[in-house]
Amino acid sequence: MTDTRQVTETSEPVIEARGLHFRAGASHILRGIDLTVDRGEVVAVLGANGSGKSTLVRALVGINTPSEGTVRLLGEPLGAGRRSAAVDWGRIGYVPQRAGAGGGIPSTAQEVVASGLLHGRRLRLPRGWRDQVDAALDQVGLADRVRDPVHLLSGGQQQRILIARALVREPDLLVLDEPVAGVDVASQEAFAATMERLVDGGLTVLVVLHELGELEPLVSRAVVLRHGKVVHDGAPPRARHDHDRVGHRHQHPHADDNGSRIPRDTAEARALDLEVRP
Amino acid sequence: MMMMMLTDPFMQRALIAALLVGVTAPVVGTYLVQRKLSLLGDGIGHVALTGVALGWLVGAGMGLSPNDTLAVPGAVIAAVIGSVLIEVVRRRGRTSGDLALAIMFYGGIAGGVLLIGIAGGSSGNLMQYLFGSISTVSDADLWLTVVLSLVVLAIGVGLRHALFSVSHDEEFAIASGLPVWALNVIVAVVSALTVTVAMRVVGLLLVSALMIVPVAVAQQVTHAFGRTMLTACVVGVVVCVSGLTITYWYNVSPGATIVVLAIAVYAVVSLVAPFLTRGRPAHDPHPDLPDDVDLPAAATERAAAAAKECR
């Protein structure tokens, strides 16, 4: 396994997973995953559908309880229920793949984003929560939608609401599960700009992606999953070669112009079996 | 006439009970609708019936008088146990919540009828619990209602943001390190308490209606969680108090009157609501963003025209 990232022994890893296995019934979805994310890194988790990307990040934030292995978040062990109490949840923001079924009652953007201010043992909203919610919505370009019911927003806007919900607590670590799936290019660029600003401010990011897309310049390391195993951990691999397809507009610099590209026919590159663009 | 009603001590107790139920039931109902468990109140109500019969049995065994002294405490205990049990089943995910509810329905009714027979009563004794019997509310019942209502309101309103979070997106709540299991149990227990609080007013078979129908009314006119809860409470209080007032003048069942009234409000509001929302100024929901595709000149012109139309 290649490992080109700079190991800083002085600071604790932000995410540290060791020997992670996850089984659901007869399916063995994660098969021994080791993953370390250090402070300030932007790590992309890549892989085809069904390779275990979402299952992995869901295990890392405590939604999936791994069958074997350990996860440490910000230096504290993650376990079922009370054993996770030591984790400083206020420093972690999670963006799920898509808005869940939502509830049976319509809720406004403000109400949904405000729920991001509750974490760990904090069960009540802090003073000045409205301003924090406004600021978070402003970061995703939806400041004028504070009072709009979320279910009436478009899919891409709903996705941005979920990002705002994770940003509102001003996390040090952001875990995103395909944050730009189904989001138009203009919004992807806006999202990438927001992320760049936050990363400059010291944010650590673990992001599941189908393709590097607009985030490519930010990504410092890529982890490629295949069949529930890490098959590549190092420099971001090049995307497949449909970038010059008709209708695809390039508005971002290519990070791979320095020649550090991975040969196309290695297992790593094949593992990055990126799907056809939406 | 009105003064006569308000000075009648039976009616005073009944009105206080109705008022409390009118507020608490929709608060809890909002969370149940939010988590798509609208029928949970019914399931708990059925289990509470077994509790009533069990309380009766124990009371008879201890030679207490009247026989039903322990009926309400029995209902509280059975309802709490039943609601927590359903949460456990839901969490383990082996049986769907739907199936678990169904089993509770049948087990609760059957257990109640069986036990009341063993206690030497008849299923007729259960009628006042099934359909409510507000005229028999005693001072002790009223105090229990007041205390339980305050507990339900303190939790339902005080923890509303946390309860909203777990009800809206449970996985996000887990990933935020919230005590999701504890909050879920709190919702279940609070639902159980509400059922027993409302038992005397509308009866166990109709208690769920009082939790859900006001929320359904509120949903027609608002698109926010907080406002839905507030509106539902107003609707709940209005139908409970006016329903009870009707029964002071006409000899009809208070529970049934209240529920029919609530459904009538629902019907009227759903007929009127479209006219209310139509009056609001429309605003263009489409953001003015460029497309991911390069449009031919004619299409660009049409896009500009469409944007103007929306404004």
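Each value in this text was obtained by applying a stated rule to the coordinates, not by laboratory testing. Bear in mind that the values here come from a model prediction, so they are computed numbers and not experimental data. Here the Cβ positions follow ideal geometry from the backbone for every residue, glycine too, while neighbour counts run over all protein chains shown.
Structure notes:
- Relative contact order, percent, chain B [alpha-carbon distance under 8 Å, six or more residues apart]: 27
- What the Cα convex hull of region B:2-205 gives, in volume per residue, is 117 Å³.
- Averaged over the residues of A:138-144, the number of partner chain Cβ atoms lying within 10 Å of the residue Cβ comes to 1.
- Rg/Rh ratio calculated on Cα atoms of region B:196-265 (Kirkwood radius): 1.00
- Across q = 0.12, 0.19, 0.24 Å⁻¹, region A:34-127 modelled as identical point scatterers on its alpha-carbon atoms has Debye log10 I(q)/I(0) values of -0.49, -1.16, -1.43, in the order of the q list.
- Building the convex hull from the alpha-carbon atoms of region B:141-212 and averaging its projection over directions returns 5.0 nm².
- Taking every Cα-Cα distance in region A:94-231 and sorting them into 10 Å bins starting at zero, the pair-distance distribution P(r) comes out as 11, 42, 34, 11, 1 percent.
- Global size of region A:139-204 as Cα Rg and Dmax, reported in angstrom: 11.8, 34
- Counting only DSSP H runs of at least 4 residues, each contributing -39500 (n - 2.57), and dividing by the residue count of the protein assembly as shown, the helix-based mean residue ellipticity at 222 nm comes to -17000 deg cm²/dmol.
- Among B:46-54, A:68-76, B:4-12, the order from most to least packed when residues are scored by Cβ within 10 Å on average: B:46-54, A:68-76, B:4-12
- Computed from the Kirkwood radius of its Cα pairs, the Stokes-Einstein diffusion coefficient for region A:70-173 at 25 °C and 0.890 mPa s stands at 170 µm²/s.
- For B:Tyr250, B:Tyr129, B:Tyr266, order by how many other beta-carbon atoms lie within 10 Å, fewest first: B:Tyr250, B:Tyr266, B:Tyr129
- Sorting B:Val185, A:Val61, B:Val252, A:Val150 from the fewest to the most surrounding beta carbons within 10 angstrom yields B:Val252, B:Val185, A:Val150, A:Val61.
- Radius of gyration and maximum dimension Dmax of region B:20-128, Cα, Å: 15.0, 44
- Per-residue average of Cβ from other chains inside 10 Å of B:220-232: 4
- Translational diffusion of region B:115-181, µm² s⁻¹ [Kirkwood Rh, Cα pairs; Stokes-Einstein; 20 °C; 1.002 mPa s]: 138
- Just so you know, the Cα atoms of the protein assembly as shown work out to an Rg and Dmax of 28.5, 93 Å.
- Other protein chain C-beta atoms within 10 Å of residue C-beta, averaged over B:159-165: 6.
- As a rough footprinting exposure proxy, the listed residues A:Lys229, B:Lys308, A:Lys53 were ranked by other beta carbons within 10 Å of their own, and the order from fewest upward is B:Lys308, A:Lys229, A:Lys53.
- Max mean-square fluctuation residue, GNM over chain B, Cα-Cα springs under 10 Å, options B:Arg13, B:Arg92, B:Arg35: B:Arg92
- Put simply, region B:53-92 fits an ellipsoid with semi-axes of 28, 7, 5 Å; these come from the alpha carbon gyration tensor as the roots of five times its eigenvalues, largest first.
- Those lysines that a straight Cα-Cα span of less than 20 Å connects to A:Lys229, excepting residues fewer than 8 apart in one chain: A:Lys53
- Base-10 log of normalised Debye intensity for region B:92-247 (one unit scatterer per alpha-carbon) at q = 0.09, 0.15 Å⁻¹: -0.38, -1.02
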